[in-house]
């Protein structure tokens, strides 16, 4: 017969093994079992109330006590600048597309889906993972898998949706992946999040000449992000002596620390793509 | 009333953890605020209350986080098991023991998170600033453990005195 201590030890070993297998399985899938929307439903109203209160106090401080007029003008100019940067990027992209497709008879315009403006009301409870909670959900037209963007560029992707709230995985999370292009050279790769708040453009062939400062845009091939959205700027390129690919570091255009508002873009659906 | 206390305290900590803490710069960012509450429950409250709190807050945190589902349940479960086991051998009033238990709980959380990322996830990966963040959290734990546990104990006794008083009246 086994002693009491032995039974306890076997029990603990069994529990640890079961626990490791469970975590191993769940770490291979991002989606939760649907109870995620319940958690969002319970917690998000409080997050929203607190975020609004903090925002209110911050606004009073920023606009009334701390050089009110300068701050407001600064806000306006920043907004204008970010819209101008986005517009400029669209023009550059349109010019390049035009040059490439000049000889083609048909030019298909980019599909522009409806944008849903949302406010960030919460962030991931751990610093190891990068997600946000936004104040728009299925009742507002947000669906799981929708792209999340800001005027500065790609923000992330919706992973969980409740009726009035949604959770989005950020571009800088290590589970995130966006199919992307270098705007000038058209070299293709996949942007993965890194822990440092930067991203890595992986699977870029060594034959492509990539320079620091090159703009990285979404390719549209992942069926989530529309083609031509700004992702980031190349901050480093390393060509190892061996291997098929080069190591490209990308600094996202979006400042995730100060991000407060985002837009949710409806996903490019296969049937719509065919129609387009 | 027990349930109300745990729901309110847990919800308060989760909301603070997801709205205010992420905006604090990393060098000043302390540990996950829900973890000390689990340590408090495991050391000072009956096991059945601990199980309920672990399930409630574990599921809530798992669903709000981008981490693999079940990771918070795992951390909180093992903190509860460890706390319940250790309290058989040590006195809960011993300050050094409380400080050690607190730091061990925070360390366990970091080990499980980093272990999952490094070993169990398909993209084996350890964040560059992992050591820095973990050490910073442990220092915060050493410095704040007596205060934080004391706050929980006082809140609980205040809650009990208010509601037992009103019940008696």
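Where a number appears in this text, it was derived from the coordinates with a stated rule and is not lab data. Note that this is a predicted model, so its numbers are computed, not measured. Neighbour counts are summed over all protein chains in view; Cβ atoms, including those assigned to glycine, are modelled from backbone coordinates with ideal geometry.
Looking at the square roots a ≥ b ≥ c of the eigenvalues of the Cα gyration tensor of segment B:81-124, which shape do they give, rounded for a/c under 1.5, prolate if a/b is larger than b/c, or oblate? Prolate shape, in that a/c is at least 1.5 and a/b is the bigger ratio.
Relative contact order for chain B: what is it in percent, counting Cα pairs under 8 Å that are at least 6 residues apart?
Working: 139 pairs, mean separation 43.8, N = 169.
Averaging sequence separation for qualifying contacts and normalising by length gives 26 percent for chain B.
Between segment B:106-121 and segment B:8-82, what's the alpha-carbon centroid distance in Å? Going from one Cα centre to the other spans 15 Å. Label separation (residue A:21 vs residue A:144): 2.5 nm, computed from points 7 Å beyond Cα along the C-beta direction. The calculated FRET efficiency for residue B:48 paired with residue A:96, based on their beta-carbon distance and R0 = 51 Å, is about 0.20. One equal scatterer on each Cα of the protein assembly as shown, no solvent, Debye formula: the resulting log10 I(q)/I(0) at q = 0.09, 0.10 Å⁻¹ is -0.67, -0.80. Principal-axis analysis of the Cα atoms of chain B puts helix B:2-19 at an angle of about 30° to the longest axis.
Which of B:93, B:58, B:105 moves the most in a Gaussian network model of chain B with Cα springs under 10 Å? The residue that fluctuates most here is B:93. Can you give the relative contact order of segment A:177-252 as a percent, counting alpha carbon pairs under 8 Å and 6+ residues apart? Computed over segment A:177-252, the figure is 31 percent.
Given the -39500 (n - 2.57) contribution per DSSP H run of 4+ residues, what per-residue ellipticity at 222 nm results for the protein assembly as shown, rounded to the nearest 500 deg cm²/dmol? Before the final figure, lay out each step's value.
Numbers: 10 runs with 211 residues, N = 445.
The per-residue figure over the protein assembly as shown is -16500 deg cm²/dmol.
Cβ crowding within 10 Å, taken as a proxy for footprinting-reagent exposure, orders A:20, A:6, A:265 from fewest neighbours to most as A:6, A:20, A:265. Between the helical axis of B:47-64 and the longest alpha-carbon principal axis of chain B there is an angle of about 40 degrees.
Neighbour counting of Cβ atoms within 10 Å sorts the residues A:124, A:222, A:214, A:75, fewest neighbours leading, into A:75, A:222, A:214, A:124.
If you plug the beta carbon distance of residue A:64 and residue B:144 into 1/(1 + (r/R0)^6) with R0 = 41 Å, you get a FRET efficiency near 0.75. For segment B:1-35, the residues whose amide N sits under 16 Å from a probe point set 7 Å from the Cα of residue B:132 along the beta carbon direction are B:24-30. May I have the pair-distance distribution P(r) for segment B:29-158, computed from all Cα-Cα distances with 10 Å bins from 0 and rounded to whole percent? Final binned percentages: 12, 43, 35, 9, 1. The slack between residue A:87 and residue A:56, meaning 0.36 nm per residue of separation minus the straight C-alpha distance, is 8.1 nm.
Relative contact order of segment B:75-169, please, whole-number percent, based on alpha carbon pairs below 8 angstrom and at least 6 residues apart. The partial results should precede the final answer.
Details: 38 pairs, mean separation 26.8, N = 95.
RCO, segment B:75-169: 28 percent.
Reducing segment A:41-60 and segment A:228-247 to their Cα centroids gives an inter-centroid distance of 39 Å.
Over all alpha-carbon pairs in segment B:19-105, figure out the percentage whose distance exceeds 23 Å. Numbers along the way, then the final one.
Numbers: 1001 of 3741 pairs.
Value for segment B:19-105 (Cα pairs over 23 Å): 27 percent.
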